[in-house]
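The values are calculated or read from the model by the stated rules, or taken from the named source; none is laboratory data. Computed from a prediction, not measured in an experiment: that's the story for all the values here. With ideal geometry, Cβ positions are generated from the backbone for all residues, glycine too; neighbour counts draw on all protein chains shown. Surface accessibility is based on the protein's heavy atoms, side chains included, excluding ligands, DNA and RNA. Shrake-Rupley method; radii C 1.70, N 1.55, O 1.52, S 1.80 Å.
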Amino acid sequence: MKQQSTKPDTLGYALNDSPAGLLAWILEKFWKWSDGGLLPYSKDFLITNACLYWLTGNVSSSLRIYYEAANTGDITDILRKQYCKVPTGVAVFPKEIAKVPKNWVCSLYNLQHWTVFDRGGHFAAKEEPELLAKDVQDFFGNTKVFGRVAF
């Protein structure tokens with residue numbers, strides 16, 4: 001994450017200039033940030049993902065969030081003043097690139113659901129779709145938090 005958190009625009013120009021370079025970059029991220037390498041991903045999925053960035057020329061905007069997160073300064077005071085009262089659920093996957101302590105989440109959000117998984121990574125929705133879908137259903141199905149849903 002060092003490159004995208006320091007010089008996202010330079011990296012973006014380079015990746016937008018070379019479809020082979022962009023594909024290599026994306027493959028490396030899926031391999032490195034996933035729990036299990038490239039196994040859960042088909043060639044069609046990986047090429048389609050690269051095409052979404054290549055054909056739209058939007059890889060730079062996807063890199064900006066890493067720069068903004070790394071260069072905002074100490075945002076702890078700002079976040080503490082903006083406590084989120086909305087019921088919040090967190091799914092924690094072991095190969096996620098950003099790990100946040102539960103006590104930090106509790107100090108900033110109305111944490112109602114916290115699940116730690118034994119597998120999955122940054123791309124958990126693709127890697128472990130059944131696990132994630134069940135967890136989302138469990139969170140929103142909590143009648144103590146959300147009440148009963150009438151159909």
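Here are the numbers for the structure shown:
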read-out	value
All positions within the stretch 77-94 that are surrounded by 14 or more Cβ atoms within 10 Å (Cβ to Cβ) and either modelled with pLDDT of 85 or more or of a type in the set (D, E, K, R) (or both)	P87, T88, G89, V90, A91, V92, F93
Test: residue in the stretch 105-118 that is within 12 Å of A91 (Cα to Cα), in a loop (DSSP other than H, G, I, E, B) and touching a helix residue (DSSP H, G or I) at 6+ places or on another chain (Cβ under 9 Å)	yes
Any chance I65 is within 13 Å of L22 (Cα to Cα) and open to solvent by 50 Å² or more (accessible area, probe 1.4 Å)	no
Residue, farthest from the chain's Cα centre (by Cα), within the stretch 95-151, restricted to residues that are polar (S, T, N, Q) and open to solvent by 70 Å² or more (accessible area, probe 1.4 Å)	T143
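Residue-by-condition table, conditions (1) of a type in the set (S, T, Y); (2) touching a Pro at 6+ places or on another chain (Cβ under 7 Å); (3) without any contact (Cβ under 8 Å) to a residue 60 or more places away in the chain:
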site	(1), (2), (3)
Q4	no, no, no
T10	yes, no, yes
Y13	yes, no, yes
E28	no, no, yes
K32	no, no, yes
D35	no, yes, no
Y41	yes, no, no
F45	no, no, no
Y66	yes, yes, no
